[in-house]
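The values are calculated or read from the model by the stated rules, or taken from the named source; none is laboratory data. Quick caveat, the model's predicted, so the values are computed rather than measured. Reconstructed Cβ throughout: ideal geometry from the backbone, glycine too, with neighbour counts over all protein chains shown. Side chains are part of the model used for accessible areas, which takes the heavy atoms of the whole protein and leaves out ligands, DNA and RNA. Shrake-Rupley method; radii C 1.70, N 1.55, O 1.52, S 1.80 Å.
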Amino acid sequence: MIRLGVDATSAAPDGKGIARVQRGTVRALAELDRYDLVVFARHPEELAPVPAIRVRARPTIAWEQLGLPLAYRRHGLDALLTWSERLPLVGGGRFIVWLFEPPQHRIEQNRRVGASRWQRGSDLLTLALWSRSLRRATLVFTGSAATAEAIRDVAQSARALYPGLDPSFSAGGSGDVHRPHRPYVLHLGSPDPRDDTATAIEAARRAGARLVVAGGY
């Protein structure tokens, strides 16, 4: 059985999209029962009932550059899945990267909205590392075909891998899910300008479509 590590360090109580993706991925992999999973998390309780090893390394770059290769060797992993585009510069191992947007796009958006000094510093590190990281990755998955094309010059084998549907949105799922009686367009919004809720509202208005916005905006 393949011993697969999962870097789920973004799964936090107040996490947004990537936190949900990591929680769902860990639980789905555990249910498949095809891998010997070794999960790393800052908040292991977020991944219950799947057990996880608590990560305490700070700042994040220390975990990415020092913690990941150490964890890879210490736990005898065959491969490690991460959502970071800043793979360790030294040390071997097979790394699988799953991206949901081109790093340069996120950095440009952070500049436009006047991100904090800490975020700007983090973005500089990303600029220095992301191209090399994707080139050394064993596999690169993306959240959309558009993202795969945007990084094609760096990761030629990048291909889209769409996350599954959370059980709470299924017909028999739990939770208070709004179900209008006539067709509608759903937009998942937030205060983050990258979600561009204003454009979604205007597009729906022009198309004469009923728009349902979930989340903050």
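Remind me, relative contact order of the chain in percent, using alpha carbon pairs under 8 angstrom and six or more residues apart?
Values: 319 pairs, mean separation 29.3, N = 217.
With pairs under 8 Å counted, the relative contact order is 14 percent.
For n ≥ 4 DSSP H runs only, could you compute -39500 (n - 2.57) per run for the chain, divide by its residues and tell me the 222 nm figure to the nearest 500?
Values: 6 runs with 70 residues, N = 217.
It lands at -10000 deg cm²/dmol.
Among GLY17, GLY93, GLY114, which one shows the biggest mean-square fluctuation in a GNM of the chain, springs joining Cα atoms closer than 10 Å?
GLY114
Which one, LEU68, ALA8, ALA214, is farthest towards the positive end of the dipole of the chain when Lys and Arg carry +1 and Asp and Glu -1 on their Cβ?
Most positive-ward Cα: LEU68.
So how much slack lies between ARG135 and ASP36, counting 0.36 nm per residue of separation and subtracting their Cα-Cα distance, in nm?
Values: separation 99, 0.36 × 99 = 35.64 nm, distance 2.64 nm.
Value of the extension gain: 33.0 nm.
Quick one: net charge of LEU80's neighbours, Cβ under 10 Å, K/R +1, D/E -1?
Numbers: positive: ARG3, ARG94; negative: ASP7, ASP78.
That works out to 0.
Skip the ligands, DNA and RNA, and give the accessible area per residue of the chain with a 1.4 Å probe, whole Å².
Details: 12890 Å² over 217 residues.
Ligands and nucleic acids excluded, the result is 59 Å² per residue.
Could you size up the charge dipole of the chain around its Cα centre, putting +1 on the beta carbon of Lys and Arg and -1 on that of Asp and Glu, and report it in debye to the nearest 20? Intermediate results must be reported in sequence, preceding the final value.
Working: 30 positive and 21 negative charges, 74 e Å.
Once rounded to the nearest 20, the dipole reads 360 debye.
Springs between alpha-carbon atoms under 10 Å, Gaussian network over the chain: tell me which of ARG42, ARG27, ARG205 tops the mean-square fluctuations.
ARG205
Give the carbon-plus-sulfur fraction of the accessible surface of the chain in %, rounded to a whole number; probe 1.4 Å, heavy atoms of protein chains only. Kindly include the intermediate steps, with their values, before the conclusion.
Details: 7000 of 12890 Å².
Here carbon and sulfur together make up 54 percent of the probe-accessible area.
For the pair ALA214 and VAL90, what calculated FRET efficiency results from E = 1/(1 + (r/R0)^6), where r is the Cβ-Cβ distance and R0 = 45 Å, to the nearest 0.05? It would help to have the intermediate numbers written out before the result.
Working: r = 43 Å, r/R0 = 0.95.
For R0 = 45 Å, the calculated efficiency reads 0.60.
Just how much of HIS105 is accessible, in Å², when a 1.4 Å probe is used and the result is rounded to the nearest 10?
80
Between TYR162, TYR35, TYR184, find the one with the highest GNM mean-square fluctuation for the chain; connect C-alpha pairs within less than 10 Å.
TYR184
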